[in-house]
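What follows is a set of notes on a single structure, which appears directly below.
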Amino acid sequence: MENKSNQYFLKQLVTLHGLHTYSQSKLAADMCDKVSRFELPEIDAKQGHLKRSALMALAATLSSPTTKSLTQMVQFLYEHSEINNRHFEISLDEQNSRRDWYNIINQATFSMGKRVLEKLFGDGTNASDCDGLIVVSSTYSGFPSLSRQLQEKFKFPLEAVCYDLNASGCAGAPQGIYLANMLLQSGRCNNICIVCVDAMGTYGQVGEFAAAPPISRIVANCLASDGAAAMVLSKKPGPKPILSYKNCDLSTRLWPESAHLNILSVDESNQPYVSVGKDIQTRLLGELEIMLNESILNSPVFLHPGGIALMRLVREKYPQLAASTSISVAELEDTGNIGSPSVLLVFKKALDENATITPCFRLIAFGPGKFTAVLLIDGVEKC
């Protein structure tokens, strides 16, 4: 395939999830065990027989649920997440035997970054051909950066430009791709490797509770998994490119007064803390309405699968996105929410299912802050 003026190529896209797979029912039992030791007043309800409306009202009104209501809420939320399995790079047994949670999270993130690049470069492309490396991760901390460690591990050129995009959570992938495209357009790079890797599942699982966790923390823990995605964007097609494109544009919009709705940090006892506020569902539709127009709704769109309930709300409001939300839901059922790589797992699934991607498509993701990121890839041709 000949290169054409002002044309860029997606040469490869690979994905993976954490090495160890656990059923949601197993993880629900694990969470119930963690919260059952807290002695709090009980409510008058039989376990397993609270109606959805009562449980959701309980979640909305109680900041410190009772022991019994808390285990009921755990079981309800995990069951109604409709996620079948979740994935962790480091086994639960090893996590439970260690107390160095900071090292565990970094170890899991680096391990997946290494594995996804081994998969990428085992398929024809060489790291030595890439003069740029962009790593998107919200779960790796410290210095040297993850990009520099992967650069040395895989023998990227010593002069390769390396960027680490941190703390964008699930909306990181569109930003990483847009930065890569700018480097190609500017002439600074010819081949850029993009790695999105997050150990969100490990971050929520590895910590200990010093007090009964709020519902927002339980919700976050029941959704998250570990995973990674990697791709190469290039000025030249090389062997067997996936697609070519001519334009790439990014739109982002902050959700005002919403930073409290999505948090990845530490709590008062210096334990890892992940939370998802209950107002995200209602806020999401309002924010999407501002970002979406008829042109977007009537073109291929691939959505970050934050949660199955979220995707159903989107599908009800925007029937045009029914096919897209179905792909997102299917991916979420299989893998859980893995942060920045999630929207790329959805896109990879769409490619595998031969979904329409021409003449343009969009990747839409929602991240901490909270903000919405819409990445437009235009002038697309399948290769």
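The values are calculated or read from the model by the stated rules, or taken from the named source; none is laboratory data. Please read all numbers here as calculations on a predicted model, not as lab measurements. All Cβ positions, glycine included, derive from the backbone under ideal geometry; neighbour counts span all protein chains shown.
Annotations
- Taking each residue of the range 333-357 that is in contact (Cβ under 8 Å) with a residue 12 or more places away in the chain and at positive phi and looking for partners that are assigned to a helix (DSSP H, G or I) and surrounded by 17 or more Cβ atoms within 10 Å (Cβ to Cβ) with beta-carbon atoms closer than 7 Å, six or more apart or interchain, yields GLY336/GLY201; GLY336/LEU223; GLY339/GLY169; GLY339/CYS170; GLY339/MET200.
- Yes/no for VAL195 being aliphatic (A, V, I, L, M) and either under 30 Å from LEU77 (Cβ atoms) or at pLDDT below 95 (or both): no
- Test: residue in the range 338-348 that is small (Gly, Ala, Ser) and surrounded by fewer than 18 Cβ atoms within 10 Å (Cβ to Cβ): no
- Of the residues making up the range 71-91, at least one is assigned to a loop (DSSP other than H, G, I, E, B), modelled with pLDDT of 95 or more and in contact with a Ser or Thr (Cβ under 8 Å, 6 or more places away or on another chain).
- Checking each residue in the range 68-93 for being surrounded by fewer than 14 Cβ atoms within 10 Å (Cβ to Cβ) and without any contact (Cβ under 8 Å) to a residue 40 or more places away in the chain picks out only ASP93.
- Screening GLN281 on (1) loosely packed, with under 14 Cβ neighbours inside 10 Å; (2) of a type outside the set (Phe, Trp, Tyr); (3) under 24 Å from ILE218 (Cβ atoms) shows it passes everything except condition (1).
- Residue satisfying all of: in the range 265-310; among the β-branched types (Val, Ile, Thr) and in a helix (DSSP H, G or I); nearest to SER81 (Cα to Cα) among these: ILE308
- Flag for LEU184 being in a helix (DSSP H, G or I) and closer than 28 Å to PHE361 by Cα: yes
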